[in-house]
1. Any chance you could run the full-extension gain for Arg157 through Val80? It's 0.36 nm times the residue separation minus the Cα-Cα distance, nm to one decimal.
2. Which of the trypsin sites (Lys or Arg not before Pro) across region 19-110 are loop residues per DSSP, with 16 or fewer other Cβ within 10 Å?
3. Eight or more residues apart or on different chains, and alpha-carbon atoms under 23 Å: count the Lys pairs in the chain matching that.
4. Shape call for region 93-246 from the C-alpha gyration tensor, a ≥ b ≥ c root eigenvalues: rounded (a/c under 1.5), prolate (a/b greater than b/c) or oblate?
5. For the pair Ala287/Glu230, report the inter-label distance in nm, with labels modelled 7 Å from Cα in the Cβ direction.
6. Compute the signed sum of charges (Lys and Arg +1, Asp and Glu -1) over the other residues within less than 13 Å, Cβ to Cβ, of Gly149.
7. As an exercise, identify the chymotrypsin sites (Phe, Trp or Tyr not before Pro) in region 3-83 lying in DSSP coil whose Cβ has no more than 14 other Cβ atoms within 10 Å.
8. Among Val151, Val57, Gly95, whose Cα projects farthest towards the positive end of the dipole of region 11-153, with charges put on the beta-carbon of Lys, Arg (+1) and Asp, Glu (-1)?
Amino acid sequence: MSTPTTTAFNVDALDQWTEPREFVVERDRLVAYAQATNDDIPQHASGDLASPVFNVVPPFEGLFPLIGTLVPNEVLMRVVHGMQDFRFHRPITPGMTLSVRGAGIGIQAKSSGTTLVVKSETRDAADGGLVCEQLMTSFFRGVIAEAGGGVGPDDHRFPEDVRGTEPVAVVEQRFDDDQTFRYSPASGDPMPIHLDDDFAKSVGLPGIIIHGLCTMAFTSVAAIRTGSPEDPTRLKRLAVRFNRPALPGQTITTTLHRSAPDTLVFETVNDAGDVVIKDGLAQFAPAE
């Protein structure tokens, strides 16, 4: 194992919010995202309602320059997506104009690398109402921050007392061979590890890997179909930890348990039995 690199992250830039940016929601974009994630829930497939993980799209373009203000350029390519945590306040529907902004809120050094937590919030530009809050945790492998600060991600660990209980659902899904080439334009994520096999291998990966958020979108379909198939808008929180990348052509299996009346917890494995998503959490509003 290579010796970790110690470097300075810009702790002084924590808690500095970016200027709000506007994002206009188009039905075709909602449909494209559903198609790119094999989401056949009728409200999502028709574009009447955004898929839950689509909420990452409006702030996504602004996240790269924000991260660039916090992280040294020479270590940016050591990043992996660690966790993602959405809290949904209003559904996204066609024709909305959204206002999005973000801020780094935590830099924490660990023995094997450094975590960076970025918070973004999306509001309805028409009245300022909150639409979605999300925490994105990035992990910089083998990079130790000289100093840290701020806060870590919210806890959503899988409850061990639930692990041995009977699952409420076991859902199998398969990634298409061209999944990443469809997801990239629909999400706005052009990272070459998802599109260029030679590049992916050059950074130590087995080849092209599925976008973590695409895998998360697959699990959101499993959670909604299990927890609230009649009304996707009841989903109020969706959080996961990315444990290892999935590959095109793989079948994934998500096992869901009920930890409370309106709460599902889950883990997802690939067809080799490796855990790709852990500490999955889906919380729903009570049914009326």
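1. This chain segment gains 25.8 nm when fully extended.
2. Loop-located and lightly packed - Lys110.
3. 5
4. The shape class here is rounded.
5. 0.5 nm
6. Net charge in that neighbourhood comes out at -3.
7. Answer in residue order: Trp17.
8. Checked the options; the winner is Val151.
Read-outs throughout are calculated quantities, based only on the coordinates presented, and are distinct from any laboratory measurement. Model, not experiment: these values are computed from the prediction. Note: ideal-geometry Cβ built from the backbone for every residue, glycine included; neighbour counts use all protein chains shown.
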